[in-house]
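The block underneath contains the structure these notes are about, expressed in structure tokens.
The values are calculated or read from the model by the stated rules, or taken from the named source; none is laboratory data. Just so we're clear, the structure is a prediction, and the values are computed from it rather than from any experiment. Here the Cβ positions follow ideal geometry from the backbone for every residue, glycine too, while neighbour counts run over all protein chains shown.
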Amino acid sequence: MSSTSEKGTIGLKIERDLLLEGLQSATRIASSKTSITALSGVQLAAGPEGIELRATDLELSLRLPLAGEVTSPGEVVLPARLFTDVVRALPAGQVTLKARASQQDVEITSGSATFDLKTLRAEDFPTLPQSSGDSVVVLPAEVLDATIRRVERAASTDPSRPVLTGVLVQAEAGTLRMVATDSYRLSVKETKLETPLTNGFEANVPARALQEAVRLAKGTKGDPAADGEEALAKGSVRIAVQENQIVFDLDGTVLASRLIDGQFPKYKELIPDEFDHELKFNSAELSDVVRRISLLAQRTKPLTLSFEKGSLTISAETPDIGEARESIPINYDGELLEIGFNPDYLRDGIESAGDEEIVLKLLTANRPGLIESGSEGGFLYLIMPIRLGS
Amino acid sequence: MSTGADERADFRSGRIENLNRTIAHLDLDAFFVSVELQRRPELKGLPVIVSGTGPRSVVTTASYEARKFGVGSAMPTAKALRLCPEAVVVPPDGPAYKRMSATVMDLIRHHVPQVEQAGLDEAYADLTGMLAPSAAMRRVVHDIRTETGLHASVGIGPNRLVAKVASDAEKPDGFVFLSQEQARMRFADASTRLLPGVGPKTRERLERLQIYTVDDLSEASVQALTDEFGSRQGPWLRSRARFEDDTPVQTDREAVSESRETTFSVDVEGIGELREKMAPLVLELCNALETHGHRGRTVGIKIRYSDFETHTRARTLEHSVSDRETVGRIARQLLDEFQPDRPVRLLGVRVAGFSGAKEKPREQLSLPFG
């Protein structure tokens, strides 16, 4: 479609709600900080195959088909945020877009309102990856969703450690596994697949790409009646991994992302085989206590977990601010054990377990602790303590 | 509990106090040389340079007699000797200067409570609220003279910037008290180089914008400055030329950073070699951090090119660190990202943003992978 289209011209009619929904997705992908102005825009392309909305920040790219009437084929790039704001402000109903090449703008009309938006340089907008047929794995969006949610919080946000900003995705036979770590904690979630895969893949994928794929998949209105065997069940995601990119095809909407270079840490050997203590908790109860006491663990101060016979006391103290403590009865029968954790990391682990019951496994004050989901299985959260001063 | 009216009154008095800020800057005249002259009175009246003897040594201080030949601080000694061949070169005696410096600082603190030592030979004092700030500083100068034999120049103004420039205006034995307006008038025709923070490179870039004097800069368009220097430095440069400065005098002398740097005997070029040179600095720094029980959240590097242009780069982390692996990894990344494109004369590594020293050492442990 793009090769034959003429740049700077376009004409189409489209429902406002559809266009807005597409623009909201595209605006999330468009670059917010860039020296190439065109990347802060969305490209609208119209051709014989229909209308497509495109956006990229050079790491992530999106092609989103839109239903509408093409009156004149072509491509234009419009500033993403402004375009979205304008469309949001329009009343429901049909919107007409028409490029005026001489003015280098696009006229947007709806009812009696008219907007003329200047276009951005279409030449600077790159050609985006297409969906491809290579080594395709099809996964239900809900499986993808359920898996990424359990690990995403452990991914690093530190740009100086790019490898750790990704989520390691392993899809093989009957299992989808995702692993994320920022070196202070590590999450592993395995989800069983109802339909085993014939192809598999392993890739280090930017966490944002997975989150975006799930978000788009949930919004996809699939049409299972189409194309016989090739048809996808509603909310399925076709995933193709190529050399340095991963392409998600969500019923025609194509999200592509660069893969993260570098070796993901060999995480299995970091998980201790045996622990000295194994304690069961009601997740909601423990999470509430942690949340309360964390209020007094400010400025990166730790939560202190003191285990003694029959009880756990969780406490926190911030100099010049105050302190807090709360005890809960537990089935602990060992020596006094005091271990410190970053309050956010601990809460992330309890909440990510996503189960009514969790099991907390511990060795000593300076060795990693492990949180597992109580009944469901398939979830591990390794958390490194904060060394408590003597 | 205070009423609304009280709070307003507090607020107002706070503002009035602020408007009347009085800051002094005291700078010892030709400090190192003066210390040497006390020990070797026979050198009095001669051009004296305090400097090392290596091929790359620079002048740390020159006596006023040597300055008449154009010799200045930070000038390569070889060049200084070409300008003034009869100069007497005295090797620096760090410990002696430190002892003398401590004596001087004590004398200043004796007369004014709020003192920030800014170097061995200079200090800022916050005189706000004192009834006779000038008289206090004259007593300080007098005491320094009688107790140590050293001469000092003093600048007093509404902020650090005015005080600093004023102390330099009539050296040696200067004593200059200026308001912000007086400073603007007095230095209107001076080169922009007069302003601390404007180096030779910045001056060059300013001249390209047809900005030559302090006055030119104070009236320059913010837009033009922002286009050339960015949104932080651009407006900042103009405010310097207007002698605006609200940096407080920091009396807290607790260590907040530690660094190690080295000047190469031969300039180093190429990222590989620089990385190699960085490793021992990191090691030494981290050992010192451990010894002092310090951990910091900011890791930085310093690079000085052979033309003395100096750059620093830093990254602030989520947790404070002191271990060799992390400090080394981040320092290397900063070096890689900086991409030195010329021969490097000096390389430094720094860890800053120490967490409160009085608190218990608490360390977020990491999983053991690279």
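Among A:Asp344, A:Asp355, A:Asp333, which is part of a helix (DSSP H, G or I) and at negative phi?
Testing whether each residue is part of a helix (DSSP H, G or I) and at negative phi leaves just A:Asp344.
Regarding the stretch A:172-179, can at least one residue be identified that is of a type in the set (S, T, N, Q) and at positive phi?
no
Exactly one condition in (1) without any contact (Cβ under 8 Å) to a residue 40 or more places away in the chain; (2) part of a strand (DSSP E or B); (3) within 14 Å of chain B (Cβ to nearest Cβ) is not met by A:Leu168; state its number.
(1)
Identify the residue in the stretch B:326-345 that is among the acidic types (Asp, Glu) and without any contact (Cβ under 8 Å) to a residue 40 or more places away in the chain and, among all such residues, is nearest to the other protein chains (Cβ to nearest Cβ).
B:Glu337
Could you list all residues from the stretch B:209-228 that are in contact with an Asp or Glu (Cβ under 8 Å, 6 or more places away or on another chain) and either at negative phi or modelled with pLDDT of 95 or more (or both)?
Matches in the stretch B:209-228: B:Leu209, B:Thr213, B:Val214, B:Asp215.
Could you grab me the full set of residues in the stretch A:366-390 that are surrounded by fewer than 16 Cβ atoms within 10 Å (Cβ to Cβ) and within 13 Å of chain B (Cβ to nearest Cβ)?
A:Asn366, A:Arg367, A:Gly389, A:Ser390
So which residues in the stretch A:126-160 are in a loop (DSSP other than H, G, I, E, B), more than 18 Å from the chain's Cα centre (by Cα) and not acidic (Asp, Glu)?
Result: A:Pro126, A:Thr127, A:Leu128, A:Pro129, A:Gln130, A:Ser131, A:Ser132, A:Gly133, A:Ser135, A:Ser160.
Right, A:Thr304: within 21 Å of A:Val359 (Cβ to Cβ), within 14 Å of another protein chain (Cβ to nearest Cβ) and either in contact with a Cys (Cβ under 9 Å, 6 or more places away or on another chain) or assigned to a strand (DSSP E or B) (or both) or not?
Yes.
In the stretch A:171-194, how many residues are away from every other protein chain (no Cβ under 13 Å) and assigned to a strand (DSSP E or B)?
10
Here is a list: B:Glu244, B:Glu258, B:Glu204. Which entry is surrounded by fewer than 18 Cβ atoms within 10 Å (Cβ to Cβ), of a type in the set (D, E, K, R) and under 30 Å from B:Ala352 (Cα atoms)?
B:Glu244
Being within 14 Å of chain A (Cβ to nearest Cβ) and either in contact (Cβ under 8 Å) with a residue 60 or more places away in the chain or surrounded by 14 or more Cβ atoms within 10 Å (Cβ to Cβ) (or both) is the requirement here; does B:Ser320 meet it?
So B:Ser320 fits the description; yes.
B:His311 is checked against (1) out of contact with any Asp or Glu (no Cβ under 8 Å at 6 or more places or on another chain); (2) under 30 Å from B:Pro200 (Cβ atoms); (3) surrounded by 16 or more Cβ atoms within 10 Å (Cβ to Cβ); (4) more than 14 Å from chain A (Cβ to nearest Cβ) and fails just one. What number does that condition carry?
(3)
Among the residues of the stretch B:200-232, count how many are free of Cβ contacts under 8 Å to residues at least 12 places away in the same chain and part of a loop (DSSP other than H, G, I, E, B).
Looking only at that region, the number is 2.
So that you can scan it fast, the table gives a plain yes or no per residue for (1) over 24 Å from A:Ser373 (Cα atoms); (2) at pLDDT below 95; (3) of a type outside the set (Asp, Glu):
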{"site": "A:Val137", "(1), (2), (3)": "yes, yes, yes"}
{"site": "A:Val167", "(1), (2), (3)": "no, no, yes"}
{"site": "A:Ala171", "(1), (2), (3)": "no, yes, yes"}
{"site": "A:Lys192", "(1), (2), (3)": "no, yes, yes"}
{"site": "A:Glu202", "(1), (2), (3)": "yes, yes, no"}
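Name the residues in the stretch A:276-301 that are surrounded by 18 or more Cβ atoms within 10 Å (Cβ to Cβ), in a loop (DSSP other than H, G, I, E, B) and away from every other protein chain (no Cβ under 14 Å), would you?
A:Leu296
Taking the condition at pLDDT 95 or above and either in a helix (DSSP H, G or I) or within 14 Å of chain B (Cβ to nearest Cβ) (or both), does A:Leu360 pass?
No, not satisfied.
Find all pairs meeting these conditions: Cβ atoms under 6 angstrom apart; at least six residues apart or on different chains; first residue within the stretch A:306-323 and within 14 Å of A:Leu388 (Cα to Cα); second residue among the small types (Gly, Ala, Ser).
If the second residue must be among the small types (Gly, Ala, Ser), the pairs left are A:Ala316/A:Ala297; A:Ala316/A:Ala324.
From the list A:Leu255, A:Leu232, A:Leu259, A:Leu312, exactly one residue is away from chain B (no Cβ under 14 Å), over 30 Å from B:Arg297 (Cβ atoms) and at pLDDT below 90. Which is it?
Going through A:Leu255, A:Leu232, A:Leu259, A:Leu312 in turn, the sole match is A:Leu232.
Just checking, which of B:Pro280, B:Pro368 is away from every other protein chain (no Cβ under 14 Å) and either surrounded by fewer than 20 Cβ atoms within 10 Å (Cβ to Cβ) or part of a loop (DSSP other than H, G, I, E, B) (or both)?
Unique residue meeting the criteria: B:Pro280.
Condition (residue is acidic (Asp, Glu) and over 25 Å from the mean Cα position of the chain (by Cα)) applied to the stretch B:286-299: is it met by at least one residue?
Yes, that holds for at least one residue.
When you scan the stretch A:274-285, do you find a residue that is touching a residue at least 40 places away in the same chain (Cβ under 8 Å) and in contact with a helix residue (DSSP H, G or I) (Cβ under 6 Å, 6 or more places away or on another chain), even just one?
Looking through the stretch A:274-285, at least one residue is touching a residue at least 40 places away in the same chain (Cβ under 8 Å) and in contact with a helix residue (DSSP H, G or I) (Cβ under 6 Å, 6 or more places away or on another chain).
Can you tell me how many residues within the stretch A:23-40 are surrounded by 16 or more Cβ atoms within 10 Å (Cβ to Cβ) and either of a type in the set (D, E, K, R) or within 18 Å of the chain's Cα centre (by Cα) (or both)?
Of the residues in that region, 7 qualify.
Which count do you get for residues in the stretch A:359-385 that are closer than 25 Å to B:Glu318 by Cβ and not polar (S, T, N, Q)?
Counting residues in the stretch A:359-385 that are closer than 25 Å to B:Glu318 by Cβ and not polar (S, T, N, Q) gives 16.
For the stretch B:191-231, name all the residues that are out of contact with any helix residue (DSSP H, G or I) (no Cβ under 9 Å at 6 or more places or on another chain) and under 25 Å from B:Tyr305 (Cβ atoms).
Of everything in the stretch B:191-231, those that are out of contact with any helix residue (DSSP H, G or I) (no Cβ under 9 Å at 6 or more places or on another chain) and under 25 Å from B:Tyr305 (Cβ atoms) turn out to be B:Lys201, B:Glu204, B:Gly230.
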